[in-house]
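Note sheet for the following structure.
The values are calculated or read from the model by the stated rules, or taken from the named source; none is laboratory data. This one's a predicted model, so the numbers in the text were calculated from it and none came from an experiment. Quick reminder, even Gly has a Cβ in these numbers, built from the backbone with ideal geometry, and neighbours come from all protein chains shown.
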Amino acid sequence: ADLDLIVTRLDPAEAGDAVGDLVALHAARRLKAGGLLVVITHSDNSGGALVDPTGAVVAAGQNADLLYLQHLIVL
């Protein structure tokens, strides 16, 4: 654990439970206590359905013992 900050992005077309789990586990291993994981993503309309990876990423982080602090929305 040696990083204070990890910033990554997830494209909705590429995001899924497995990808979210990998991001969260990697972050949990690399972040110092009190470090921050920032995930930049957006929703998308795929095949007539709204795809938003945010919930899966938050759940994956919590499963990896990362504390969820805040959700920022930028339009």
Single residue of the range 23-75 satisfying the filter (crowded, with 17+ Cβ neighbours inside 10 Å and part of a strand (DSSP E or B)) that is nearest to the chain's Cα centre (by Cα): V39
query: Mind checking which pairs have a first residue in the range 9-20 that is under 11 Å from V39 (Cβ atoms) and exposed (fewer than 13 other Cβ atoms within 10 Å of the Cβ) and a second that is at pLDDT 75 or above and of a type in the set (S, T, Y), Cβ under 9 Å, 6 or more apart or different chains?
result: R9/T41
